[in-house]
Amino acid sequence: MSTKPTSAPEASSTSESDGGNETPPLRVNRTKVGIRARPAPEGGMALTHPQLYFNREISTLQFHIRVLEQALDDAHPILNRVMFLLIFSSNLDEFFEIRVAGLKQALLIDENAHSRDGQTYQQTLNEISDIAHEHVARQYQILNDVLIPALEQENVRFLRRSRWTKAQKEWVSDYFYREIQPVISPIGLDPSHPFPRLVNKSLNFIVELEGSDAFGRSGGLAIIPAPRSLPRLIRFPEDISGNGSVDYAFLSSMIHAHADALFPGMTIKGCYQFRLTRNADLSVNPEEVSDLASALKGELLARRYGDGVRLEIANNCPAHLADFLLNQFGLTAQDLYLVDGPVNLSRMMAVINDTHRSDLLYGPFVPGLPKPLRHRRGSYFDAVAQDDILLHHPYQSFAPVEHWLKEAASDPNVLAIKQTLYRTGPHSEIVSALADAARNGKEVTVVIELRARFDEADNIELASRLQEAGANVIYGMMDFKIHAKLMHMVRREQGELRHYAHLGTGNYHATTAKLYTDYSLLTADHKICRDVHLIFQQIAGMGQPRQTHYLLHAPFTLHSTLIELIDREIEHVKRGCKGYILFKCNSLTEPRLIQALYRASQAGIECDLIIRSTCCLRPGVEGVSDNIRVRSIVGRFLEHTRVYYFRNANRPQLWCGSADAMERNMFHRVESCFPVLNQKLARQIKKDMDTYLLDNCQSWQLCADGHYERSTPSGDEEAISAQETLLYAYALKR
């Protein structure tokens, strides 16, 4: 797997406005992602000292930049590299919609407020602006100077207006008058036509006009909102592309080319694309809500028109027009991003499948099955009753979870099914099976988290489907999101009731199960099933917390038990045992867990932390965290497993769960964390974790000064990609 720096080819700008400034050739650096590197603090300070914590927002932004770096890694197929660049855009959109918007709101409440690292919110916003501006410019440079030229070599072309052939110009003209002009509505700005209220992240154009219109109004400014129903990327017919190439034009280029048709008799002095990002966080006051679903429907509409937080404009837009737009949205120059290309890059994602070039993507693979399911002769219930079954997605198929539920829906001996749903997708087989079970007369209880961010509308619709089928649908609690991944089934067998359960680290979503790494445990262990049953009772009913005996349960026992397990490891070391702790999760921000890990390091315990994205713990500080190593794996699949491992005086304990090591997961969500009691399965998970620790291709090491350094094979060292290794290892078990 190549990780050597390369020089990128130069290419002309691909701005949809066909303008832009000259930029120097891209300098590709694949070894470091530095965010204002900070000197390591002195040892011996209190574990609550601000210098021992990284800023949460800046750490999150670093992860997005590591995703962007994948666009430069020629170990990935070219269309996958494009995908990483577009994912960076999507991630950055959400970062501004939620994190930046939250900081701006917090500043309005208290301008002196600061985060745990001692930085004020305004300082954080300033740093975010500096970093985001630098890497957004870099993103477009990668697109223009690296990816588009590489795609062109594969006969996939994004054509500027200046490159359209005569036949293509004629086709564009026909397309514009046939498909675009009938649905587009330009808005002239004057006292009777104030500035329109534009939808969050919508593509728009500001147009400067000269002349008079039919009513004698003199030229000025107009806004063209691009209809959201139109694709942002249009493919030319094959018969006018030539040479077997796949050619695309941007919708904005088509609108630019025919803008004069929208303002007949007037002169267009300039037409410039722009996009506004708004605050998209939902806010529901529990004291004012009697029906959560109805309240959320209203909030979903409001999300489209929240306060502005970022303005993207084509980089050839004159300063006076940019200032006009900033003033309209109440933004400052810090919030302005001049871009050298389409302002809505994430809408380019259509090219991934539209090209029909599977040779430019990762090849398909067939996920495997564990041995008990490969040779299954009876029902899924028979297989699970014999022993626990572990699935590691996407290397192993998610289909058994769906098939087991479908089997249960039609099994006359199954009496009841309970399940949590956080994200499932609008066309979920899981939801269909639950609806079938309800129609077949089974007692079906489904806990749907309506507030799963950006999936709220889908979840409201799924809830309605299930209610119509006769299922009992519970929305959870106002103050606690239901984030646990649990399924519980009760079956009558030989005159007695037997309990079965599925517990996972990821959502019941078949599509993401092909892209995210997660663990699923299928079990009939009465100890685990009893605890799952108690958690469902706790969610659905009322009363004091139910005492689980094996499962850890946020917001009640998860946080305190993890700290107890860390402290127990410290006690073992004091008695002469060798200690070891391994965490793998998406984010680590909770301060008391961080302090417990610092104490473990001070006690001489080696700690390996595989933290995909946000990490506020500072490793490598002498006398504080010099025994802690933090790495992030970013590759073909999105790392999503949550694993907590303790050596425990050579009696290892390993836990998997739905929760990250964050305040929200520990105290403001309903989460589950389950022990893997089958030691063979626990050893398999630990072996998987060891593979991640060997990765020297897709692994990034967090340094004490805050920058991430990419691991590379040294000398004759074998190149190891954990994801590719696991893909191959599980393929051998098919």
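The values are calculated or read from the model by the stated rules, or taken from the named source; none is laboratory data. Model, not experiment: these values are computed from the prediction. Cβ atoms come from the backbone with ideal geometry, glycine included; neighbour counts cover every protein chain shown. Surface accessibility is based on the protein's heavy atoms, side chains included, excluding ligands, DNA and RNA. Shrake-Rupley method; radii C 1.70, N 1.55, O 1.52, S 1.80 Å.
Can you tell me which of 415, 390, 466 is open to solvent by less than 10 Å² (accessible area, probe 1.4 Å), aliphatic (A, V, I, L, M) and either in contact with an Asp or Glu (Cβ under 8 Å, 6 or more places away or on another chain) or farther than 14 Å from residue 513 by Cβ (or both)? Break it down stepwise before answering.
Numbers: 415 fails: open to solvent by less than 10 Å² (accessible area, probe 1.4 Å); 390 fails: open to solvent by less than 10 Å² (accessible area, probe 1.4 Å).
Answer to the selection: 466.
When you go through 503, 497, 521 one by one, which is the residue that is touching a residue at least 40 places away in the same chain (Cβ under 8 Å), open to solvent by 60 Å² or more (accessible area, probe 1.4 Å) and part of a strand (DSSP E or B)? First the steps, then the outcome.
Details: 503 fails: open to solvent by 60 Å² or more (accessible area, probe 1.4 Å); 521 fails: open to solvent by 60 Å² or more (accessible area, probe 1.4 Å).
The match here is 497.
Hey, among the residues in the stretch 565-599 that are among the β-branched types (Val, Ile, Thr) and surrounded by 21 or more Cβ atoms within 10 Å (Cβ to Cβ), which one's farthest from the chain's Cα centre (by Cα)? Spell out how you get there, then give the answer.
Step one: list which residues in the stretch 565-599 are among the β-branched types (Val, Ile, Thr), which gives 566, 570, 573, 581, 589, 594.
Filter again for surrounded by 21 or more Cβ atoms within 10 Å (Cβ to Cβ), leaving 566, 581, 589, 594.
On the way: 566: 29, 581: 27, 589: 17, 594: 23 Å.
Restricting to residues being among the β-branched types (Val, Ile, Thr) and surrounded by 21 or more Cβ atoms within 10 Å (Cβ to Cβ), the top hit is 566.
Return a yes/no flag: does the stretch 163-172 have any residue that is of a type in the set (Phe, Trp, Tyr) and free of Cβ contacts under 8 Å to residues at least 12 places away in the same chain.
Start the filter on the stretch 163-172 by keeping residues that are of a type in the set (Phe, Trp, Tyr), which leaves 164, 171.
The next check asks that each one be free of Cβ contacts under 8 Å to residues at least 12 places away in the same chain; those that pass are none.
No - not one qualifying residue is present in the stretch 163-172.
Taking the stated definitions as given, is residue 628 β-branched (Val, Ile, Thr) and over 23 Å from residue 485 (Cβ atoms)?
So residue 628 passes the test.
Going by the conditions given, is residue 63 over 25 Å from residue 332 (Cβ atoms), surrounded by 21 or more Cβ atoms within 10 Å (Cβ to Cβ) and in contact (Cβ under 8 Å) with a residue 60 or more places away in the chain? Talk me through it step by step, then tell me what you get.
Details: over 25 Å from residue 332 (Cβ atoms): yes; surrounded by 21 or more Cβ atoms within 10 Å (Cβ to Cβ): yes; in contact (Cβ under 8 Å) with a residue 60 or more places away in the chain: yes.
For residue 63, the condition - over 25 Å from residue 332 (Cβ atoms), surrounded by 21 or more Cβ atoms within 10 Å (Cβ to Cβ) and in contact (Cβ under 8 Å) with a residue 60 or more places away in the chain - is met.
Name the residues in the stretch 160-183 that are open to solvent by 60 Å² or more (accessible area, probe 1.4 Å) and either among the hydroxyl-bearing types (Ser, Thr, Tyr) or touching a Pro at 6+ places or on another chain (Cβ under 9 Å) (or both), would you? It would help to see each step written out before you state the result.
Residues of the stretch 160-183 that are open to solvent by 60 Å² or more (accessible area, probe 1.4 Å), as a first pass: 161-163, 165-166, 169-170, 174, 177-179, 181-183.
Passing the criteria: 162, 165, 177, 183.
Restricting the search to the stretch 386-407, which residues are among the hydrophobic types (A, V, I, L, M, F, W, C), touching a Phe, Trp or Tyr at 6+ places or on another chain (Cβ under 8 Å) and either closer than 19 Å to residue 469 by Cα or assigned to a helix (DSSP H, G or I) (or both)?
Narrowing the stretch 386-407 to residues among the hydrophobic types (A, V, I, L, M, F, W, C): 389-391, 398-399, 401, 404-405.
Now drop any that are not touching a Phe, Trp or Tyr at 6+ places or on another chain (Cβ under 8 Å), which leaves 390-391, 401, 404.
Those that are among the hydrophobic types (A, V, I, L, M, F, W, C), touching a Phe, Trp or Tyr at 6+ places or on another chain (Cβ under 8 Å) and either closer than 19 Å to residue 469 by Cα or assigned to a helix (DSSP H, G or I) (or both): 401, 404.
Any idea which of 206, 128 is under 26 Å from the mean Cα position of the chain (by Cα) and outside any loop (DSSP other than H, G, I, E, B)?
Of 206, 128, the one residue that is under 26 Å from the mean Cα position of the chain (by Cα) and outside any loop (DSSP other than H, G, I, E, B) is 128.
Restricting to the stretch 437-450, name every residue that is within 32 Å of the chain's Cα centre (by Cα) and open to solvent by 10 Å² or more (accessible area, probe 1.4 Å).
Correct list: 445 only.
Does residue 347 meet the test of being free of Cβ contacts under 8 Å to residues at least 24 places away in the same chain and open to solvent by 70 Å² or more (accessible area, probe 1.4 Å)?
Numbers: free of Cβ contacts under 8 Å to residues at least 24 places away in the same chain: no; open to solvent by 70 Å² or more (accessible area, probe 1.4 Å): yes.
Here the answer is no, as residue 347 does not meet what is asked.
May I ask you to verify whether residue 434 is among the hydrophobic types (A, V, I, L, M, F, W, C), modelled with pLDDT of 90 or more and open to solvent by 40 Å² or more (accessible area, probe 1.4 Å)? Step through it out loud before you land on a result.
Working: among the hydrophobic types (A, V, I, L, M, F, W, C): yes; modelled with pLDDT of 90 or more: yes; open to solvent by 40 Å² or more (accessible area, probe 1.4 Å): no.
Considered against the rule, which asks whether it is among the hydrophobic types (A, V, I, L, M, F, W, C), modelled with pLDDT of 90 or more and open to solvent by 40 Å² or more (accessible area, probe 1.4 Å), residue 434 comes out as no.
Just one of (1) in contact with a strand residue (DSSP E or B) (Cβ under 9 Å, 6 or more places away or on another chain); (2) more than 12 Å from residue 275 (Cβ to Cβ); (3) not in a loop (DSSP other than H, G, I, E, B) trips up residue 327, so point out which.
(1)
Need the failing condition index for residue 358 against (1) hydroxyl-bearing (Ser, Thr, Tyr); (2) without any contact (Cβ under 8 Å) to a residue 12 or more places away in the chain; (3) within 30 Å of residue 689 (Cα to Cα), just the number.
Residue 358 satisfies every listed condition except (3).
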